[in-house]
1. Suppose we filter Asp95, Asp79 for residues that are touching a residue at least 60 places away in the same chain (Cβ under 8 Å) and open to solvent by 30 Å² or more (accessible area, probe 1.4 Å); which single one remains?
2. How many of the residues making up segment 131-150 are of a type in the set (Ser, Thr, Tyr) and either open to solvent by 20 Å² or more (accessible area, probe 1.4 Å) or touching a Gly at 6+ places or on another chain (Cβ under 7 Å) (or both)?
3. Every residue in segment 38-59 that is in contact with a Lys or Arg (Cβ under 8 Å, 6 or more places away or on another chain) and not in a loop (DSSP other than H, G, I, E, B), please.
4. Of all residues in segment 319-341, count the ones that are open to solvent by 10 Å² or more (accessible area, probe 1.4 Å), in contact (Cβ under 8 Å) with a residue 24 or more places away in the chain and in a loop (DSSP other than H, G, I, E, B).
5. Tell me which of these Pro104 doesn't satisfy, since it passes every other one: (1) surrounded by 23 or more Cβ atoms within 10 Å (Cβ to Cβ); (2) at pLDDT 95 or above.
6. For segment 132-226, which strands (runs of 3 or more DSSP E) that fit wholly inside it have 3 or more residues that are under 22 Å from Lys303 (Cα atoms) and under 23 Å from the mean Cα position of the chain (by Cα)?
7. Scan (1) small (Gly, Ala, Ser); (2) open to solvent by 30 Å² or more (accessible area, probe 1.4 Å); (3) under 25 Å from the mean Cα position of the chain (by Cα); (4) more than 24 Å from Ala298 (Cβ to Cβ) for the single condition Ser372 breaks and write down its number.
8. Take the residues in segment 438-484 that are among the basic types (Lys, Arg) and open to solvent by 80 Å² or more (accessible area, probe 1.4 Å); name whichever of them is farthest from Leu37 (Cα to Cα).
Amino acid sequence: MNIEQKIQLLKPHAQLLSGNLMGIEKEGLRVSKKGGLSQAPHPSALGCALTHPNITTDFSESLLELVTPPLSSARSVLDFLQDTQHYLYCRLPKDQSFWPASMPCVMRGKTYIPIAQYGSSNRGKMKTVYRQGLANRYGSVMQVIAGIHFNYSFSEEFIEKFCALSENDQNKDGAYMALTRNVVRYGWIVPYLFGASPAVCKSFLKGYHQHSLVEFNDSTLYKPYATSLRMGDIGYQNLREDEAGVKANYNSLSHYVNSLKAGMATPCSDYEKFGLKADGEYQQLNANTLQIENEYYASVRPKPLIESGKKPLDSLSAKGIAYVELRSLDINPALPMGIDETQIHFLEVFLLFCLLKDSPAISTREQFEIDSNDQLIAHEGRKPNIKLKHQAKEISIAEFGEQLAVDLGLCATLLGAPYTQAVSDIVKRFDDPELTPSAQTLNNMKSQNQGFFDYINQYAKQYRQDFLVQDVNQPHFDYLDGQAQASCQQQREIEVADTLSFDQYLAQYFNQV
């Protein structure tokens, strides 16, 4: 059954799509007035990062993460994010701003990147030690690249109806894994259409490794046709096929879980050289290829609902897939939230397309094509006449995009007019790369004669100024004040409740059956 036939069968049930849920996790660095990474601890006014549901930290004390709950529309998600970002600006010290780009501000070496702290509990220590392990394995600088994660689930009723119409008795987990394979397969379109990181401050790569970037000016490196350096080989990678790398297998849920568990159980000599402890301090959680499942970098992850005290992969096996997390989105510096409603509508259509499109198992040959396409798009995606690989043939981006645009347009009809319009607006970028955020970023930098830092910093200052004069959504601010207080109380309770030493806690965690 082709995608058009599936859409015809699903049209009478299109209203079930109104029960879909989505959420956003947006990362961003706290930056000092001088433009460097803030050295100040996570602001106490924002609560405690260990337990706050909406404002937390990622790798560094200075890398904030704003999290929306699952909501039913793009508008409601963006409103929640906007009000949370407004709250953030109002609570940040006056000498700090929120960096509005994926690639970081001026960096002064790894010693100036404070690793996130989560208090004295075993749970908090584990999060910090995990990050110390990331720093040792990949370098701290690579860990402060920021992005937007888009979480999405179809309504239970729609998935049930879709599975009932399937020709191969597919269940919910099978449907989500098929979707995930197609995100991997066609995922190049996300950095191509929405990538916004074609340049980086020279300080980001100072003293690290060889690269193929060229000089934009005396402060900036770039690639002329790049879409997303964040998704390229200067970003955080552990996808290598050597001993220090791992490849997730998306061909079924059990394949996926077992491939990551294998990475978590396989010792790695590259990481054994760091040792588990140095001078009595943990340097990593273990010396395996993956410390925990979250270390596996991927453009998409099938996710369970989190169960307290359980490892995520165990929850995934026991409870199944609750939603998917799309992780390949750059922050667009030209948008106050880094993302807008049109983009979210397009992403919803793309995920529906990935669900409905036939999704065979990914062979080794196809995986090679996918990896090749992803790197080519990240570094050279707007280069005239480049060819992608698809089913052992070469195809231009314009031609590939034209094929995908037809199916995306059909899928959009199930969701309604705003989605059809979003697809119509965005697929124009396949034919005209100058419409992409990456091209617009570079063109603006050139026309304004600004390097990466100065160009992004003007947005950082402007957004801070704009947010601080907005009317306050008082109920939302009251809610976040309450969450700040509750999060610190919850952290204290977790700390008081600890009865095991950290060594015992880790042993128990990793010995769970």
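The values are calculated or read from the model by the stated rules, or taken from the named source; none is laboratory data. No experiment lies behind these values; they were computed from the predicted model shown. Note: ideal-geometry Cβ built from the backbone for every residue, glycine included; neighbour counts use all protein chains shown. Side chains included, ligands, DNA and RNA excluded: accessible areas come from the protein's heavy atoms. Shrake-Rupley method; radii C 1.70, N 1.55, O 1.52, S 1.80 Å.
1. Unique residue meeting the criteria: Asp95.
2. 1
3. If the condition is that a residue be in contact with a Lys or Arg (Cβ under 8 Å, 6 or more places away or on another chain) and not in a loop (DSSP other than H, G, I, E, B), then Ala45, Leu46 are the ones that fit.
4. Residues flagged as open to solvent by 10 Å² or more (accessible area, probe 1.4 Å), in contact (Cβ under 8 Å) with a residue 24 or more places away in the chain and in a loop (DSSP other than H, G, I, E, B) within segment 319-341 amount to 6.
5. (2)
6. Filter on segment 132-226 gives 148-153.
7. So the condition that Ser372 fails would be (4).
8. Among those residues, the one meeting the criterion is Lys446.
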